[in-house]
Structure formats: C-alpha cells, structure tokens
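The values are calculated or read from the model by the stated rules, or taken from the named source; none is laboratory data. Nothing here was measured: the structure is a model prediction, and the numbers come from that model. Methodologically, a virtual Cβ is constructed for each residue, glycine included, from the backbone with ideal geometry; neighbour enumeration extends over all protein chains shown.
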C-alpha cells in the first residue's frame, strides 16, 4: 500500500477529468515505472479508497477498467494483481516462432523444466498419424515452459522411439527442444506441418501446474509435425495459459 504515495499523487477533485480516470492514470503510471511489478498484488479497494479519499465505487470502477484494459487481473479470494504482459507468438509457413524466440522478442527470459519422460504405448490418433507399427512405443515428454519464471505452457510431446533413439530429456531441461532435435537428429520441420487450436477451462491439476485458478481459460494447440518428404516426425499438445499468451496465424 505504501508504494502509492498520496503526497505525490493527489487527486484533483476540481478537475473536469473524472476521479476514476485520474486514479487509473496514477496506477498505470506506477505499473509502467516498475513501482508495481508483474504478478504483484496492489492495495485492496478499501485501502485505495482511504488513501485517495474517494468512494469505493470510484475505486471499483478504476479497477474494473484497468482489468478490462489488461493492466490488472483479479483472483477470487486473493486480491487484484498486476497482470504479466502477454507473450506474442507468430505462426507462418516455415517461420513458426518457437517459445524461446517469442520470449526473447518480448524481452522475457525463457526457461523449461522437464516434468515427465517415459516410454509408452501410443493411442489410436497418435499411432495413425505417426504410422506406428503394432505395439511400437513412443517417448512421452512433458515440459513446463516459463517466461521470467512464470508458467506459460504445459507441453506434451510424443516421439517415435525409432526416429529419436536415445532421446536425452536432460538436454531439453532449460534448453530448446527444437535446437536439440535439429542438431542431434537433423530434423527439419516441413511447411506441410499443421496445427489446430481450441479452448478449454483449466482443470484443478492443470491449474496447479500453470498456477492458474480452476476454470481459467486455457488454449490447446495440437501440432502434427512432418519432415520435408511428408513423413511424420512427432505430435505435440500445448496447454497454454490464455491470460499470458497470444497467438497470431
């Protein structure tokens, strides 16, 4: 609460500018100059009302407007927080931007953490696309991708063991998956590779992994990767925190 200092930012009750807009200007200024950092909780509505000597109705409208504009986000039962800037990722033919690239272009520090790695039998959809023989196994890899240590994507990947022998999950711990398969297995992703996107609500487990609230919007990006000769390489499914990421096709 002390970060917003009344002796510096006084509201002018004689101004033609509405009080809620004046308060919006103050809080957005504090966010932009780093007084309030992404993910940080701001004072409660009663605290702001007392600090600036305005009604709670004025404060509530200020907060609602800032949430609409993407500066703040409310978490039920926890308070109102500065919203982390969304990461922008562009999808184009032969120019699909990786998570690491999109982070760097948005001045964020990418990290990745391997949550699970094992051999398993593929389901029907995976087997059909990857053209697997009966009982042929795949590597299942689950990674959590973070930007500035904030979880953004929980990505599941299925890789045929015959195409990716001796796959080393340690190589993609805080490293680029694309760079690893390119350098180790000479993989090139073809223009014919396709992706589909859908939306769901975060389950309790998904919310825990991505540090969301249950029911928050989550994007699902399914990618079917092929080599230049049209042969299948692998399948990935990304569960993306909708409030932290935007995709352009």
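Some notes on this structure:
- If the condition is being at pLDDT below 90, part of a loop (DSSP other than H, G, I, E, B) and in contact with a strand residue (DSSP E or B) (Cβ under 7 Å, 6 or more places away or on another chain), then the range 20-66 contributes 36, 37, 38, 39, 40.
- Qualifying residue in the range 5-19 (condition: at pLDDT 85 or above and touching a strand residue (DSSP E or B) at 6+ places or on another chain (Cβ under 7 Å)): no
- Residue tally, condition surrounded by fewer than 13 Cβ atoms within 10 Å (Cβ to Cβ) and assigned to a strand (DSSP E or B), over the range 240-249: 1
- Residue match in the range 67-74 (condition: over 24 Å from residue 219 (Cβ atoms) and modelled with pLDDT of 80 or more): no
- Any hit, the range 199-218, residues being surrounded by fewer than 16 Cβ atoms within 10 Å (Cβ to Cβ) and over 23 Å from residue 84 (Cβ atoms): no
- Scope the range 186-239; condition under 17 Å from the mean Cα position of the chain (by Cα) and assigned to a loop (DSSP other than H, G, I, E, B); matching residues: 202, 203, 211, 212, 213, 214, 215, 216
- The requirement of being touching a helix residue (DSSP H, G or I) at 6+ places or on another chain (Cβ under 6 Å), in contact (Cβ under 8 Å) with a residue 40 or more places away in the chain and either surrounded by fewer than 14 Cβ atoms within 10 Å (Cβ to Cβ) or not assigned by TED's automatic domain parsing to the domain that holds residue 32 (or both) is fulfilled somewhere in the range 113-121, by at least one residue.
- Residues in the range 188-209 that are within 14 Å of residue 153 (Cβ to Cβ) and touching a residue at least 60 places away in the same chain (Cβ under 8 Å): 195, 209.
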